[in-house]
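Here, each number is a calculation from the coordinates, and none is a lab measurement. Treat the numbers as computed from the prediction; the structure is a model and nothing was measured. A quick note on method: Cβ atoms are made from the backbone with ideal geometry, for glycine too, and the neighbour counts reach across all protein chains shown.
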Amino acid sequence: MYYFLIPLLLGFACNAASAFTTAFTNRWGEQRSRALTYTLRNFLGIPLWAVGLVLAVRLPAPLFFTPTPLTELLGWLLVAAGAALIWAALLNLGWRAAVPTTSDKLEAHGVYSRIRHPIYSGLLLEFVGILLLNPSPPVLLAVSLGVAWVLVQARLEEIDLLQRMPAYREYMQRVPRFLPRLR
């Protein structure tokens, strides 16, 4: 019944492994590191966990509550806001989002001037939106695992970024991780 966990967890694991850019480069060199990171993140990680999430949504299961037009609207707004935030972040990062290297420069402009991890912030919004659209036990489990993965993944990436970019430490103190400061 919960077969969606296999691709979901494999995808999260591959994506998490892609966060070790510095370690891969130190061990195998820049070119092999780029190929490994690209494969782990873009060919295995993201597609696998996305398939797992889709399978969880499609699994017939009782709902915790019947979605109303208001919860459906809120769900779709959260999914759209998350997608917009992710696209803004990807436009800022460009190719570095898909293939990070040890020679990357710190991105502190655009959406990255307000949030350190806007892609993960967008995913968190999308996860909540998906749960509002389909409030079932499999979706709750998938979304809960997704939130846990985002927290771990962000931390793993920060450990790597601190090794690759000395300026990242000051950036961490200045810019919040997931939610912008309200000033």
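Among the residues of the stretch 48-71, those that are out of contact with any Cys (no Cβ under 7 Å at 6 or more places or on another chain) and surrounded by 14 or more Cβ atoms within 10 Å (Cβ to Cβ) comprise TRP49, VAL51, GLY52, LEU53, VAL54, LEU55, ALA56, VAL57, LEU59, ALA61, PRO67, THR71.
For the stretch 18-61, a tally of residues being part of a helix (DSSP H, G or I) and out of contact with any Gly (no Cβ under 8 Å at 6 or more places or on another chain) returns 27. Scanning the stretch 5-40 for residues that are touching an Asp or Glu at 6+ places or on another chain (Cβ under 7 Å) and among the β-branched types (Val, Ile, Thr), we see that the one that is nearest to VAL147 (Cα to Cα) is THR21. For the stretch 2-45, the candidate set comprises residues that are among the hydrophobic types (A, V, I, L, M, F, W, C) and under 30 Å from PRO62 (Cβ atoms); within that set, the residue that is surrounded by the fewest Cβ atoms within 10 Å (Cβ to Cβ) is ILE6.
A search for C-beta distances below 8 Å between a residue of the stretch 158-177 that is free of Cβ contacts under 8 Å to residues at least 24 places away in the same chain and any residue that is in a helix (DSSP H, G or I) and surrounded by fewer than 14 Cβ atoms within 10 Å (Cβ to Cβ), counting only pairs 6+ apart in sequence or on different chains, returns LEU162/ARG169.
This table checks each residue for (1) within 22 Å of CYS14 (Cα to Cα); (2) touching a helix residue (DSSP H, G or I) at 6+ places or on another chain (Cβ under 9 Å).
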| site | (1), (2) |
| --- | --- |
| SER33 | yes, yes |
| ASN42 | yes, no |
| LEU53 | yes, yes |
| GLY75 | no, yes |
| LEU78 | no, yes |
| ASP104 | yes, yes |
| ILE119 | yes, yes |
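Among the residues of the stretch 115-165, those identified as crowded, with 16+ Cβ neighbours inside 10 Å, hydroxyl-bearing (Ser, Thr, Tyr) and in a helix (DSSP H, G or I) are TYR120, SER121.
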